[in-house]
Amino acid sequence: MSSPRLPLIAAPPPAPRHPGSKERHAVARLPEDWREYLAELGEPAFRGDQIFRWIHQHGVFDFEQMTNVSRPLRARLAELGKNCPLEELSAQRSTDGTRKLLFRLHDGLAIECVLIPQGNADDEDEDDEEQKQWGDLPDRPMTLCVSSQVGCAMGCVFCASGQAGLKRGLGAHEIVTQVSLARRHLDPGERIRNLVFMGMGEPLHHYAETARAIRLLTHPLGAGMSPRRITVSTVGLISGIRKLGEDFGGKVGLAVSLHAPDSETRSTIIPMNNHQPLDELMTALRAYPLPKRRRITIEYTLIDGINDTILHARRLVETLRGLPSKVNLIPMNPIKAVSLRAPRPDAVEAFRRELSRLRVSCSVRQTRGDDVDAACGQLALASS
Ligand code: SAH
């Protein structure tokens with residue numbers, strides 16, 4: 001099969017402007033922002049912690065329901081307007097238990113997030129010290145996959161979001177509210193154990209909002225998630241990878257969509273690769289301050305005739321040499337816009353076997369929720 005014809009893309013547009021704490025949405029405020037804000041209203045600082053708890057620990061957005069906050073303050077806060085930034089439009093449930101949720105944003109655009117029962121293949125625990133953040137019952141763990149942008153500017157040829165183009169980045173409040181609202185869809189005995197930025201969008205394209213969302217989700221007065229249970233998946237934006245490593249000391253999990261072992265192959269499917277040399281990306285990955293026993297996940301979408309030969313597998317082993325990593329093979333899910341497709345199952349298996357033979361840790365990702373178009377790369381701009 002010949003290489004697909006690719007549209008030439010310019011460098012991605014600049015990341016959106018970030019608001020100061022006063023103009024920041026109430027749901028995106030950290031306790032320290034609340035304290036600063038309330039001081040100006042002549043209110044005691046501890047009220048900030050109370051409000052933060054209501055929103056981020058209890059998922060209560062309506063100020064009127066924050067019963068330990070004084071009535072006059074509640075009334076004043078209510079003037080800020082509707083506090084929940086997302087409105088649920090639909091929830092679809094796949095036969096495998098995956099739930100796809102569709103939300104409308106204040107400007108009418110739509111985003112999706114996906115709640116996935118945790119399978120065994122992708123859930124390799126190197127570090128299980130953190131267990132209790134979402135309740136300490138021995139319950140069924142779920143992974144929540146959140147969106148970080150409406151559409152995406154990276155243009156990867158096999159991805160529905162990339163083909164749709166970028167509408168805008170999400171604010172931290174819009175990212176974390178996906179988690180709060182998804183929790184309402186848990187069955188008894190289920191809990192969100194892992195959070196992955198693998199929905200629509202490139203989370204490191206507007207780094208500041210992604211980083212703030214992580215700070216909100218990991219704050220002990222809020223949901224108190226462990227950063228180790230959060231994974232940011234990126235096409236490989238080098239400056240963002242460096243900042244994430246610095247700001248969170250390497251504790252936040254990193255997944256990189258490599259999809260090819262060499263720059264030439266990578267450029268045919270990931271236009272972004274033309275703007276950043278692959279060897280610089282690999283250098284940035286080697287410099288990521290991973291804690292001991294942790295590894296970077298290398299995502300590799302297998303596409304028939306593009307990146308799926310034994311030679312590609314061998315080159316991949318070379319490219320990854322010396323990097324603590326595990327490879328996650330994803331047979332490409334079909335998308336409407338292009339005729340690219342997954343290799344035959346025996347080719348996928350041969351690729352996996354070659355990596356294993358060369359002692360590279362790898363798994364093949366199970367397809368989840370494809371009957372509701374919730375599988376990787378199928379999250380499109382359904383209703384915007
Ligand atoms: N921008 C981030 C998150 C994207 S979605 C990133 O690039 O990592 C998460 C994963 O799904 C990425 O590895 C992405 O390349 C992959 N993906 C996208 N479309 C796909 C498709 N049609 N089939 C299989 N995997 C796909």
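The numbers here are math on the coordinates, done by the rules we state, and not lab data. Keep in mind the model is a prediction, meaning the values are calculated, not measured. Cβ coordinates were reconstructed from backbone atoms using ideal geometry, including for glycine residues, and neighbour counts include every protein chain displayed.
Per-structure values
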| read-out | value |
| --- | --- |
| Separation in nanometres of the label points that stand 7 Å from Cα toward Cβ, at Asp279 and Asp139 | 5.1 nm |
| Förster radius 45 Å - calculated FRET efficiency between Ser70 and Asp262 (Cβ-Cβ, nearest 0.05) | 0.10 |
| Distant-in-sequence amide H partners of Gly151 (H built 1.01 Å from N, under 5 Å) | Lys167 |
| Length released on extending from Ala208 to Ala287, taking residue separation times 0.36 nm less the Cα-Cα span | 26.4 nm |
| Contour minus Cα-Cα distance for Arg315 and Ser356 (0.36 nm per residue) | 13.4 nm |
| Out-of-range pairs (alpha-carbon distance over 24 Å; input Lys100/Lys251; Lys100/Lys292; Lys100/Lys336; Lys100/Lys167) | Lys100/Lys251; Lys100/Lys292 |
| Label-point separation in nm, Ala78 to Glu349, each point 7 Å along Cα→Cβ | 6.4 nm |
